[in-house]
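Peer 1: Just passing along the structure, written as structure tokens.
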Amino acid sequence: MRVNRKSAGVVASVAVLGMTLAACGGDSGDGGSTAGGGADQVEVFTWWAAGSEKAGLDALVGVFNEQHPDIEFVNGAVAGGAGSAAKDLLQTRLQAQDPP
């Protein structure tokens, strides 16, 4: 039973993350682009690349693609190191002014 609660929590967390990113990353209507790409794409940066976490991310991608067929979903998942590799890459990208 514990696994089901964890999986449900992961899916819910990913869904909230996706909705937040979709709300924050939308086109401002003035022809400008969003950070990390054009107004026609959103990148989700995560280390959820395996197991139930990946299943939650895949579910998020499916819902996002249905609700926003005109916006490309860029999966920025970085596997390995329990998130340490992803955090290192994120720090490098932020320092280079290239946020996800």
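Where a number appears in this text, it was derived from the coordinates with a stated rule and is not lab data. In this text, all values refer to a predicted model and were calculated from it rather than measured experimentally.
Peer 1: Which ³J(HN,Hα) values, rounded to whole Hz and listed in residue order, are derived for segment 51-65 from phi using the Karplus coefficients 6.51, -1.76 and 1.60 in 6.51 cos²θ - 1.76 cosθ + 1.60 with θ = phi - 60°, glycine and proline given as x?
Peer 2: Running phi through 6.51 cos²θ - 1.76 cosθ + 1.60 with θ = phi - 60° gives x, 5, 5, 5, 4, x, 5, 4, 5, 4, 4, x, 5, 4, 5 Hz.
Peer 1: What ³J(HN,Hα) values, in whole Hz, does the Karplus curve 6.51 cos²θ - 1.76 cosθ + 1.60 give for segment 89-100 when θ = phi - 60°, with x put for Gly and Pro?
Peer 2: So the J values, rounded to whole Hz, are 5, 4, 4, 4, 5, 5, 5, 8, 6, 10, x, x.
Peer 1: Once amide H atoms are placed 1.01 Å from N in the peptide plane, what residues at a sequence separation of 5 or more from Val74, or on another chain, have their amide H within under 5 Å of its amide H?
Peer 2: HN-HN under 5 Å from Val74: Val42, Glu43, Val44.
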